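Here is the structure we will look at, set down as structure tokens.
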Amino acid sequence: MFEGFRWILQEHAVSIASPDLQKVGGLSVARRIAEFADGQCIPIAPHNISSPVGTLASAHYCAAIPNFLALECHASDVPFWDDLVEGMPKPLIKNGFIQLSEAPGLGVSLNEAVARRYARKGEPFFE
């Protein structure tokens, strides 16, 4: 998906690039997009409508790139959103900031009981 961003970045067709980490091919492709955008002096504001797990992955990505501007976040008003992960202070987003853990990986674990309780009926659950 990097190629989909190359032209718009090199032509300065956008002022801010907003890759969706889950849709562009993951963290490594998103990193390539950020590096290329940085060479064009274009900031990154990732599109993020994820669970806390996806939001933390996006936050770690943002912390690792030099041209981070803002992290879009839509789903945090879902009543059980903060309960989906364990190992982080609640709320995950406090005063507009996310405190990243120094624990390995994303620093959290999925609360499977909560995820199963709110899973869409009829959808498979990691089995």
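The values are calculated or read from the model by the stated rules, or taken from the named source; none is laboratory data. Fair warning: this is a prediction, and the values are worked out from it, not measured in the lab. Backbone-built Cβ (ideal geometry, glycine too); neighbour counts: all protein chains shown. Keep in mind that these areas ignore ligands, DNA and RNA; they rest on the heavy atoms of the full protein, side chains included. Shrake-Rupley method; radii C 1.70, N 1.55, O 1.52, S 1.80 Å.
Numbers for the structure displayed
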item	result
Sole residue being over 28 Å from Val108 (Cα atoms) and open to solvent by less than 50 Å² (accessible area, probe 1.4 Å), chosen from Leu21, Leu9	Leu9
Answer residue from region 102-121, given it is part of a loop (DSSP other than H, G, I, E, B) and without any contact (Cβ under 8 Å) to a residue 24 or more places away in the chain and is farthest from Leu71 (Cα to Cα) among those	Lys121
Filter pass, Gly87 being surrounded by fewer than 16 Cβ atoms within 10 Å (Cβ to Cβ) and under 21 Å from Val108 (Cα atoms)	yes
Failed condition for Asp82, given (1) at positive phi; (2) assigned to a helix (DSSP H, G or I)	(1)
Leu106 vs. criteria farther than 28 Å from Ile16 by Cα, at pLDDT below 95 and not small (Gly, Ala, Ser)	no
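Residues checked against (1) under 27 Å from Val14 (Cα atoms); (2) in contact with a helix residue (DSSP H, G or I) (Cβ under 6 Å, 6 or more places away or on another chain); (3) not aromatic (Phe, Trp, Tyr):
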position: Val29; (1), (2), (3): yes, yes, yes
position: Ile33; (1), (2), (3): yes, yes, yes
position: Phe36; (1), (2), (3): yes, yes, no
position: Ile65; (1), (2), (3): yes, yes, yes
position: Val78; (1), (2), (3): no, no, yes
position: Asp82; (1), (2), (3): no, no, yes
position: Glu86; (1), (2), (3): no, no, yes
position: Ile93; (1), (2), (3): no, yes, yes
